[in-house]
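First comes the structure, then the notes that go with it.
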Amino acid sequence: MDARTEKNLRVVMVDGILATPWTILSLPAGFIISALLNLHYGIRPGLFGLIVSMPAWANASQIVLMPFLARFFTARDMTIGMSWLNLGLWILLAAVLPYLPDQDQAVAGQIFLIFFILASLSASLLGLGWLAWVQRLVPSESRGDYFGRRNRYIALTTLAFLFMSMGLLKWFPDSVYGYQLILSVGAIMRFGSVLSEHLTREDPSESDQPLIQGKWWSQLRLTLRHPGFLTFVAFNFWINFWINLTGPFGAVYAYEQLGISPGQFALMNIFSTMTGALAMPLWGKFMDKHGCMPVIGLGLLLWQLQNFLWVALTPGTTWLLYPMFLWGGSVAAAFLLGSFNILLKIIPHDAKTAGISLNLAATSVAAGMAPILAGLILNFGQSMGWSTVVIYRIGFTISPVAILLSLLFLKRIREPEADPRYSTVWGATRMVRQSMQSIGLASLANTTLVGRKIRRPRRSARKAAASKSSPPHKDANTDPENKIE
């Protein structure tokens, strides 16, 4: 490995560690921003649902914006330019936060809506550029070990930031200054992250490569003719809709109806983050033995069965949330890991980029519609005088049932053999990771998933084995080496 590559690997490592607080804060459905919007500024549920949907709509827009942006930006320019723009927005918010009108819910809500429209779009575009750029900075042969080590450092940084946030929210209860300090720490660390990106050095022959390789619209048409992949996209659409119908409002329910403080909710996030990180390797071994579908099915079953406990929670039984988050973090990780690895196998080989974008767009549309609908239902119910607790409990009942019904989709998906050419599908599960962050798995916000390395036997060994097991005279059309799939 040459000196330039070694330096790039160090920079990408530092970039990921320093950017971790920002990735946690950038989703308004996360427990910190959710507490700021609901407890301090009293944003109405309908407007809150619209605000938390902004990252999803920004992700969905990529499938339309990508061909246009690729004409004007390289991956590096897109990443660094949008990073500075996004950082400027967060610095501005941290600076003016104490001066926002906390007594005027409508005006404060409109300010946050405009902010998250701009911040979500710039974050989505810089993420698009980073995914294309980092593939040229990290050699393919070392990605598994490298990103595994990077993810461990990011998990430790996540825990440290959550502990710090828990302390600040306890020290400054009912005060905007605790949130301002948290945002300031995130902005300062992100400033160092963006500065580090300028230290990378690319191969001059690759620095001007476009964001998209190949013909975009022809790739997209190819994915639409792949029934197995489309079934999996429909499965992801269904899952993400129901997760995001109640997920972003779980923290709101805990704050407003159960009397949970943001500091307590931070501790619950720490529990789920720890169990999720510890369970991921165990689920990986289970998947190696039994396949992706059993991991997805078992993970969803164990995860959603415990989610029915939300219906029974009262201010006197909030202690149940701690074991629920411990258990939920460990089993929700199975769904994410299984979904990622089945996507490695099922994505159309000749339309990789378009397939990723189609899956991301579908899951993002679902994740964008759901919280808006939930917020409107809460607004309507409150205006009609209905019990807010009853509305929440109906949602907490319907969502797990609907998610468990999604297992019917799995019966229609045939799990193919893994293709060793694709050990990484960049950005394919971004919306799923963001959805899981809203329900407590904060460590997934800045995690890069990499599939296990698959080794094929050498061609000569395969031919020798075939010659021993095949008749001496065989037609070329039935030879496995000549089969066209």
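Rounded to whole Å, give me the distance from the Cα center of region 258-334 to that of region 37-79.
27 Å
So how much accessible area does Tyr153 have, in Å² to the nearest 10, using a 1.4 Å probe?
100 Å²
How much accessible surface area, in Å² rounded to 10, belongs to the heavy atoms of Glu141 with a 1.4 Å probe?
130 Å²
Keeping all protein chains in place and using 1.4 angstrom, which order do His290, His226 fall into by accessible surface area, from largest down?
My answer, sorted largest first, is His290, His226.
If I model a spin label as a point 7 Å beyond the Cα along the Cα-Cβ vector, how far apart are those points for Val389 and Val64 in nm?
4.3 nm
Rg and Dmax of region 11-114 over Cα atoms: what are they, in angstrom?
Calculated on Cα positions, Rg and Dmax stand at 15.9, 46 Å.
So, R0 is 41 Å and r is the distance between the beta-carbons of Ala402 and Arg136; what FRET efficiency does that work out to, to 0.05?
On the way: r = 41 Å, r/R0 = 1.00.
So, using R0 = 41 Å, E works out to roughly 0.50.
Extension gain Val311-Gln110, at 0.36 nm per residue separation less the Cα-Cα distance, in nm? Don't jump to the answer; show the numbers that get you there.
Values: separation 201, 0.36 × 201 = 72.36 nm, distance 3.19 nm.
In short, 69.2 nm is gained.
Write down the accessible area per residue of region 296-338 in Å², having rolled a 1.4 Å probe over the full set of protein chains. Walk me through the numbers before you get to the answer.
Details: 1500 Å² over 43 residues.
Result: 35 Å² per residue.
Between Ala3 and Ser175, take the C-beta separation as r, use R0 = 56 Å, and let me know the FRET efficiency to the nearest 0.05. Write out the running numbers ahead of the final one.
Numbers: r = 49 Å, r/R0 = 0.88.
Step by step, r from the Cβ atoms, then E = 0.70.
Kindly report, to the nearest 10 Å², the accessible surface of Lys170 as traced by a 1.4 Å probe over protein heavy atoms only.
120 Å²
Counting heavy atoms of the protein chains only and a 1.4 Å probe, report the per residue accessible area for region 5-72 as a whole number of Å². Walk me through the intermediate numbers first.
Values: 2060 Å² over 68 residues.
Per residue, region 5-72 has 30 Å² of solvent-accessible surface.
Step through the table entries Lys7/Lys289; Lys285/Lys411; Lys7/Lys285; Lys289/Lys411, compare each Cα-Cα distance with 28 Å, and write down the pairs that go over it.
On the way: Lys7/Lys289 37 Å; Lys285/Lys411 22 Å; Lys7/Lys285 33 Å; Lys289/Lys411 19 Å.
Over 28 Å Cα-Cα: Lys7/Lys289; Lys7/Lys285.
Rolling a 1.4 Å sphere over the protein heavy atoms, what is the accessible area per residue of region 221-280, to the nearest Å²? Display every interim value, and only then the final one.
Details: 1990 Å² over 60 residues.
On a per-residue basis, 33 Å².
Hey, what's the per residue convex hull volume over the C-alpha atoms of region 340-390, in cubic angstrom?
On the way: hull volume 4.0 nm³, N = 51.
Taking the convex hull of the Cα positions in region 340-390, it is 79 Å³ per residue.
How many percent of the accessible area of region 1-79 is carbon or sulfur, using a 1.4 Å probe?
Numbers: 1720 of 2690 Å².
In region 1-79, the share of accessible area belonging to carbon and sulfur is 64 percent.
Quote the Stokes-Einstein diffusion coefficient, in whole µm² s⁻¹, for region 258-398, based on the Kirkwood radius over alpha carbon pairs, a temperature of 25 °C and a viscosity of 0.890 mPa s. The partial results should precede the final answer.
Numbers: Rh = 17.5 Å.
Reported coefficient: 140 µm²/s.
If the chain between Phe163 and Lys285 were fully stretched, how many nm would it gain, using 0.36 nm times the residue separation less the Cα-Cα distance?
Taking 0.36 nm per residue and subtracting the Cα distance, the gain is 40.9 nm.
In nm, what is the difference between 0.36 nm times the number of residues separating Lys411 and Arg152 and their Cα-Cα distance? Each step should come with its number before you reach the end.
Working: separation 259, 0.36 × 259 = 93.24 nm, distance 3.43 nm.
That works out to 89.8 nm of additional length.
Once neighbouring chains are kept in place and the probe is 1.4 Å, which whole percent of the accessible area of region 309-410 is contributed by carbon and sulfur?
Numbers: 2840 of 3670 Å².
Looking at region 309-410 in its full context, I get 77 percent from C and S.
The values are calculated or read from the model by the stated rules, or taken from the named source; none is laboratory data. Remember, it's a predicted structure, so these values are computed and weren't measured experimentally. No Cβ is skipped: glycine too gets one built from the backbone with ideal geometry, and neighbour counts run over all protein chains shown. For the accessible areas, the whole protein counts, side chains as well, though only heavy atoms, and no ligand, DNA or RNA atoms are used. Shrake-Rupley method; radii C 1.70, N 1.55, O 1.52, S 1.80 Å.
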